[in-house]
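First the structure, in the form of structure tokens, and then the observations on it.
No value in this document is a laboratory result; all are computed from the given coordinates. Here the structure is a predicted model, which is why all the values come from computation and not from measurement. As a convention, Cβ positions derive from the backbone with ideal geometry for all residues, glycine included, and neighbour counts pool all protein chains shown.
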Amino acid sequence: MPLNLRALAARDLETTIEGEFGIPVTLFTPDGQRITQTVDGRPLKGQVLWSQPSVNPETGEQAAAYAPVVVLRRASLSRIPATGEKWGVLIPDGPREGAAETSYLLDASYAVEGGKSLGKVRLPLVRAEEASP
């Protein structure tokens, strides 16, 4: 039975998100569970975007704002973060080997994206010390 386009795209995420250029990610569930591996036992990796495009409302100029986002493959997670849940995320400060790691929380001011995506979930982050209680 041939795979449909959605199933093929979801399968390809193992290579594109978790492959050679994947960044190690650690998740902390609201109940304190630490997730460092995929459901099949591989190290948890994702695509980390440290900055996002933004527009200065006063000038209309485009700039890059420091606003990290982690993109993970849904099929690799035993539990998917939901909007409003207090998840912790530990990621390196940059893509270089041996970079220091920083703690983040899911940014409650944005929705967790992924419901209609092709097998991935997008987690907007805020530094743990900047998060509102």
Task: Extension reserve of the residue 54-residue 5 stretch, reckoned as 0.36 nm per residue once the Cα distance is removed - done: 14.5 nm
Task: Packing-based exposure ordering (other Cβ within 10 Å, fewest first) of 21, 28 - done: 21, 28
Task: Residues whose placed amide H lies under 5 Å from that of residue 26, excluding near-sequence neighbours - done: 90
Task: Rounded to whole Hz, the Karplus (6.51, -1.76, 1.60) HN-Hα couplings of the range 26-37, x for glycine and proline - done: 10, 10, 10, 5, x, 8, x, 6, 9, 10, 10, 10
Open item on the list: Once you place label points 7 Å from the Cα toward the Cβ at residue 26 and residue 63, how far apart are they in nm?
Closed with: 3.3
Task: Amide H within-cut-off set for residue 107, under 5 Å, with H built and near neighbours excluded - done: 125, 126
TODO: Can you pull the one-decimal nm distance between simple spin-label points at residue 78 and residue 36, each 7 Å off the Cα toward Cβ?
DONE: 1.5
TODO: Based on other C-beta atoms within 10 Å, arrange 6, 96 from fewest to most.
DONE: 96, 6
